[in-house]
Amino acid sequence: MITLYTYAQSGNCHKVRLFLNLLGLPFETRELNLAQGEHRTEQMLALNPLGQVPVLSDGEKTFADSQAILVYLARRYGAEHWLPLDPEGLAKVTRWLAAAASEVQFGPAAARVSVVFRGEAPTDEVSKRSIRLLQAMSRTLALGEWLTGEQASIADVAMFPYLSVAEHGLIDLAPFPRVRDWLARVAALPGFVPMPDLSPEMAARRDSVLAAIALKAA
Ligand SMILES: N[C@@H](CCC(=O)N[C@@H](CS)C(=O)NCC(=O)O)C(=O)O
């Protein structure tokens, strides 16, 4: 049995939930309360010494880090297009897995944390980093429908969650039609599941950030 230790509002956890659903694999979910430190208990630190989610157990084996988990699931259960075996295909996918762990994490994901978890507008640096990433994705998507080849790969899965909720962090996707079309293509894949809606508390924080921005502009 596959068990996913998760936090519903985490885009990193959503990458794994999304891919398990795209692969049609049965799994059970253990939802952890991060605010109460349930990800840092002795039991969880034994599964992931970094004390982060997602963590995935498959029988006796345990994996941490959303990118690493996608690699495991693709190789163990997926068709080859999810993670090509040829050197060029593998390098192309890894390039976007690295972006998911860096440019996305310190761009759109950081903007979302700032707005909906802290109730603060994203810094200029975070906003600029997000725009640079969207420009890079637009250039890549001008060459094809998917980030790495003629079919979806785990690069698309890894990049999807935080881009799909970019507006939670006040990142406007309107100037990036190729990225919006790509998001729609991922959302049309069989088995697709979306990121959860904002909780009322998160939506209220976002509203208060928007109100503060409007007041400053007035
Ligand atoms: N590189 C890791 C990052 C995981 C991560 O940052 N997880 C967050 C939730 S999105 C977490 O567990 N935060 C709690 C903490 O670090 O204390 C991955 O992609 O899985």
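Could you check how many residues of the range 8-28 are closer than 25 Å to Phe117 by Cα and surrounded by fewer than 19 Cβ atoms within 10 Å (Cβ to Cβ)?
The total comes to 1.
Name every residue in the range 52-79 that is near the ligand (Cβ under 8 Å from one of its atoms) and either surrounded by fewer than 14 Cβ atoms within 10 Å (Cβ to Cβ) or touching a residue at least 60 places away in the same chain (Cβ under 8 Å) (or both), in order of residue number.
Across the range 52-79, the qualifying residues are Ser66, Gln67.
Out of the residues in the range 87-144 that are more than 16 Å from the ligand (Cβ to nearest atom) and of a type in the set (Asp, Glu), state the one that is farthest from Ala212 (Cα to Cα).
Glu88
Kindly provide the set of residues from the range 113-122 that are outside any helix (DSSP H, G or I) and either surrounded by fewer than 19 Cβ atoms within 10 Å (Cβ to Cβ) or aromatic (Phe, Trp, Tyr) (or both), ordered by number.
Across the range 113-122, the qualifying residues are Arg118, Gly119, Glu120, Ala121.
Based on this model, can you work out whether Leu141 counts as farther than 18 Å from Gln67 by Cβ, over 17 Å from the mean Cα position of the chain (by Cα) and among the hydrophobic types (A, V, I, L, M, F, W, C)?
Spelling it out, Leu141 is indeed farther than 18 Å from Gln67 by Cβ, over 17 Å from the mean Cα position of the chain (by Cα) and among the hydrophobic types (A, V, I, L, M, F, W, C).
Within the range 123-218, which helices (runs of 4 or more DSSP H) (wholly inside it) include 2 or more residues that are in the same structural domain as Ala98 (by TED's automatic domain parsing) and either open to solvent by 40 Å² or more (accessible area, probe 1.4 Å) or of a type outside the set (Val, Ile, Thr) (or both)?
Passing ranges, in order: 124-141, 154-164, 177-187.
Give the number of residues within the range 108-134 that are in contact with a Phe, Trp or Tyr (Cβ under 8 Å, 6 or more places away or on another chain) and either modelled with pLDDT under 95 or more than 23 Å from Ser199 (Cβ to Cβ) (or both).
2
Please enumerate the residues belonging to the range 87-137 that are touching a helix residue (DSSP H, G or I) at 6+ places or on another chain (Cβ under 8 Å), within 20 Å of Gly149 (Cα to Cα) and not hydrophobic (A, V, I, L, M, F, W, C).
Those that are touching a helix residue (DSSP H, G or I) at 6+ places or on another chain (Cβ under 8 Å), within 20 Å of Gly149 (Cα to Cα) and not hydrophobic (A, V, I, L, M, F, W, C): Lys92, Arg95.
The values are calculated or read from the model by the stated rules, or taken from the named source; none is laboratory data. All of these numbers come straight from a predicted model, not from anything done at the bench. Using ideal geometry, Cβ is built from the backbone for each residue, glycine included, and neighbour counts are taken over all protein chains shown. Ligands, DNA and RNA are stripped out before the accessible areas are found, and what is left, the full protein with its side chains, is counted by its heavy atoms. Shrake-Rupley method; radii C 1.70, N 1.55, O 1.52, S 1.80 Å.
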